[in-house]
Structures are given as structure tokens and as C-alpha cells.
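Visitor: Once you've had a glance at the structure underneath, I'll fire off some questions.
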Amino acid sequence: MRAKKTKLVYGIGLNDYDGRVSIDGKMIKSYNTWCKMLLRCYDSKYQQRNPTYSGCSVCQDWLSFTKFKMWYDSNYREGMALDKDLLIHGNKQYSPEACRFVPHNINTVLLDCGRARGELPLGVTKHGNGYSASCSNGYGKRLSKRFSTISEAVSWYSVTKTAVVKQVADKALADGLIGQDVHEALLARKF
């Protein structure tokens, strides 16, 4: 029997797993996901580059890799991404109650591009003497349109984003990629 590991990851997460966390020099997916979650929450340099993660944390149970791995193994599906704030908008803590695995295109369609827009409303950027509104279609393309006023751009963005999110959510639910809880949370979003 192997001795229990006591190495802390990012000074807080305990790798207490009895099995191997890497095979042929490559981290197993559950361990990689756990490490990236800890990185986002507890690495100050990462948070300086990605300030939206400032103030984020991991629930007490998930500070144990073994406990996180049990949840991961029961919920992960190939090609999915861990999301902490889709069910609870604005959530700052990774936990089994708040987190779900979702298709990458759902995460992509929800990005707010805060750096590009600066102080302008969500989905709107300055473009010459006017404004541009844009959003992802959820499948690798951007939808965009130019406007002379901010209010026109905001209105177009809101209507377009709501329709895109509904389309992506409906397809993901029909394909069995998300549960009803995620679908409802997506449809409840206001843009």
C-alpha cells in the first residue's frame, strides 16, 4: 500500500488520492481540472491576468482531490467544461451544488468580453463614430452589426443574444448534453 500524499497544490488543495495522477507524463483529466480550478481561485498572478476570478474559492470538500474526483467521475462527460456560475449567476465558489459540466459552446456563448468593451454596456464596443454590437453564435462564428447609437446596439445585442442562447440551450438539451437545471438557468439569463 502506498503512503498517503500530503502535498498541497496552490498552498490549499490536498492531493490525497491513492492512485496515479499522471500517466506517461500526462495528468489525468480529473486531476488537471482540479488543478486548474485551484489555479483560478488561489494563484494571485493568474487572478491579476484574469480579474473575474478574484474572490473565487473552492468549497471545503473539493479541497481534497479524492472528494473532487468522486464528483468528477460521476458527472464528467467527454468534451465538457466545468462551470461554476451558470446555475447561480455571479457565483464565486466551486461546489457540487453550483457546478456543472457543460459543452464548450455554452461557455463561449456566455462570454462577456469585458476587456474589449471597457465601460460600454455588455456586447457593445466603440467603432469609429458609432458602435458595434456582437456576440458568439455558439458555434465558432460571431454575429455583429454596427449602429449609430448605444441604445440601438444594446437593443440588438439583447434580442440577438437571447435568441442565440435559447437556440444553443435547446439543442444541448435535445442532444442530452445538459440537464433541465442548466437549460432553465440559461433561458432565465437576461442580456
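Visitor: Considering only C-alpha atoms, what is the centroid distance from the stretch 24-77 to the stretch 114-166, in Å?
Guide: The stretch 24-77 and the stretch 114-166 have Cα centres separated by 32 Å.
Visitor: Turning to a different aspect of this structure: Mean residue ellipticity at 222 nm from the helices of the chain, using -39,500 (n - 2.57) per DSSP H segment of n ≥ 4 over the full residue count, to the nearest 500 deg cm²/dmol?
Guide: That comes out to -12000 deg cm²/dmol.
Visitor: Provide Rg and Dmax in Å for the chain, with only Cα atoms included in the calculation.
Guide: 19.3, 70
Visitor: Any idea what % of Cα-Cα pairs in the stretch 13-120 are farther than 22 Å?
Guide: Counting pairs separated by more than 22 Å, the tail of P(r) holds 34 percent.
Visitor: On to the next question. Please give the contour-minus-distance gain from Thr149 to Ile23: 0.36 nm per residue of separation, less the Cα-Cα distance, rounded to one decimal in nm.
Guide: This chain segment gains 39.8 nm when fully extended.
Visitor: FRET efficiency for Asp61 and Tyr139, Cβ-Cβ distance as r, R0 = 35 Å, nearest 0.05?
Guide: 0.50
Visitor: In the stretch 29-185, what percent of the accessible surface is made up of carbon and sulfur (1.4 Å probe, ligands and nucleic acids excluded)? The partial results should precede the final answer.
Guide: Details: 4370 of 8390 Å².
Solvent-exposed carbon and sulfur of the stretch 29-185 make up 52 percent of the total.
Visitor: Calculate how large, on average over all directions, the projected area of the Cα convex hull of the stretch 34-76 is; give the answer in nm² to one decimal.
Guide: 3.2 nm²
Visitor: May I pose another question? Can you give the angle from 0 to 90° between the axis of helix 65-75 and the longest principal axis of the chain, with both taken from C-alpha atoms, to the nearest 10?
Guide: The angle comes out near 50 degrees.
Visitor: If the chain between His127 and Asp175 were fully stretched, how many nm would it gain, using 0.36 nm times the residue separation less the Cα-Cα distance?
Guide: 13.5 nm is the gain from fully extending His127 to Asp175.
Visitor: For the stretch 38-191, what is the accessible area per residue in Å², given a 1.4 Å probe and the full set of protein chains?
Guide: 55 Å²
The values are calculated or read from the model by the stated rules, or taken from the named source; none is laboratory data. All values reported here derive from a predicted model rather than from experimental measurement. Neighbour counts run over all protein chains shown; Cβ positions are idealised from the backbone, glycine included. In case anyone asks, the SASA skips ligands and DNA or RNA and just uses the protein heavy atoms, side chains included. Shrake-Rupley method; radii C 1.70, N 1.55, O 1.52, S 1.80 Å.
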